[in-house]
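Peer 1: Take this structure first; my questions come after.
The values are calculated or read from the model by the stated rules, or taken from the named source; none is laboratory data. What you see is a predicted model, and the numbers here were worked out from it, not measured in a lab. Here Cβ is always computed from backbone atoms with ideal geometry, including for glycine, and neighbour counts include all displayed protein chains.
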Ligand code: ADP
Ligand code: MG
């Protein structure tokens, strides 16, 4: 079996649907029989709790990065996929990592240890382009970029794309764009349709045909510690993420 493809879910804007997409795409792929690891790399740890894992029990990825705990020992198994949890402690890691050797590659080294056990590893990034996100860009094979389907969807994206170019030039030459996902999308409005066209011009061939609608069930599920497919499998949000999982697999030949 091939080793996992590592996909970072990234956009330095907050509230665009990174965590929601990470949890629900991971769970939908797990339900489709894929071996999944979700690495929560945001100190807010919303993906951790969204997968039903208690974010106060261990330091998770922080202990792996800073205290040399084996990655395998920090992983929590759930019926929605394996989770490498985050915690508040991760907020301090960027500062603590500055003195460590190969500080940009700490996450890559951590994931290398377990990569053979999975088909896909998803990294939920924090809303910034600082050292944590740089670690994710250096660990990843590809980037999945959620964009909120609104007027300012592309705002700030040139900063992200410049960072990606710099990373490709030196640290991670093989970094690709996995796909661009329109989230919280209302396809009935002219504005949303215009935004979708603009995003497709900016990322030719990369925008998923599947769009994620605005759906209140998606915002309720995390407080129940469940991905949408387990919280309400027949709602529009669940259907969209199941369809996204299929499109994702098709792009990856399997
Ligand atoms: P990010 O990780 O980019 O900061 P989140 O995934 O946490 O974004 O989403 C921000 C907020 O919007 C959360 O409260 C989440 O529950 C809600 N949300 C995300 N996607 C949708 C959607 N498609 N429909 C309705 N609410 C959504
Ligand atoms: Mg988030």
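Peer 1: What number of residues in the range 108-130 are at pLDDT 95 or above and more than 14 Å from ligand 1 (Cβ to nearest atom)?
Peer 2: Counting residues in the range 108-130 that are at pLDDT 95 or above and more than 14 Å from ligand 1 (Cβ to nearest atom) gives 14.
Peer 1: Same structure again: Out of curiosity, is residue 69 away from ligand 1 (no atom under 16 Å from the Cβ), surrounded by fewer than 21 Cβ atoms within 10 Å (Cβ to Cβ) and in a helix (DSSP H, G or I)?
Peer 2: Taking the combined requirement at face value, the residue does not satisfy it.
Peer 1: Name the one entry in 49, 58, 21 that is assigned to a loop (DSSP other than H, G, I, E, B) and either within 13 Å of ligand 1 (Cβ to nearest atom) or surrounded by fewer than 19 Cβ atoms within 10 Å (Cβ to Cβ) (or both).
Peer 2: 58
Peer 1: Could you list all residues from the range 9-18 that are within 10 Å of the chain's Cα centre (by Cα) and either within 9 Å of ligand 1 (Cβ to nearest atom) or closer than 14 Å to residue 248 by Cβ (or both)?
Peer 2: The answer is 9, 11, 17, 18.
Peer 1: Select, from 40, 54, the only residue that is away from ligand 2 (no atom under 11 Å from the Cβ) and more than 20 Å from residue 116 (Cβ to Cβ).
Peer 2: Result of the check over 40, 54: 54.
Peer 1: Of the residues 239, 178, which single one is part of a strand (DSSP E or B) and within 19 Å of residue 29 (Cβ to Cβ)?
Peer 2: 178
Peer 1: One residue is enough: does the range 132-149 have a residue meeting the conditions over 18 Å from the mean Cα position of the chain (by Cα) and closer than 27 Å to residue 35 by Cβ?
Peer 2: Checked against the condition, which is being over 18 Å from the mean Cα position of the chain (by Cα) and closer than 27 Å to residue 35 by Cβ, the range 132-149 yields no hits at all.
Peer 1: Can you find a residue in the range 30-42 that is surrounded by fewer than 17 Cβ atoms within 10 Å (Cβ to Cβ), under 16 Å from the mean Cα position of the chain (by Cα) and over 20 Å from residue 233 (Cβ atoms)?
Peer 2: Yes, the range 30-42 contains a residue that is surrounded by fewer than 17 Cβ atoms within 10 Å (Cβ to Cβ), under 16 Å from the mean Cα position of the chain (by Cα) and over 20 Å from residue 233 (Cβ atoms).
Peer 1: Report yes if residue 241 is touching a residue at least 12 places away in the same chain (Cβ under 8 Å) and under 17 Å from the mean Cα position of the chain (by Cα), otherwise no.
Peer 2: yes
Peer 1: Okay, moving on. Restricting the first residue to the range 70-99 and requiring it to be modelled with pLDDT of 95 or more, which pairs with a second residue that is loosely packed, with under 15 Cβ neighbours inside 10 Å and assigned to a loop (DSSP other than H, G, I, E, B) meet a Cβ separation below 6 Å and a spacing of at least six or different chains?
Peer 2: Sorted first by the residue in the range 70-99, then by its partner, the pairs are 71/113.
Peer 1: Would you check which residues across the range 131-171 are surrounded by fewer than 23 Cβ atoms within 10 Å (Cβ to Cβ), away from ligand 1 (no atom under 16 Å from the Cβ) and not in a helix (DSSP H, G or I) and list them?
Peer 2: Across the range 131-171, the qualifying residues are 141, 142, 151, 171.
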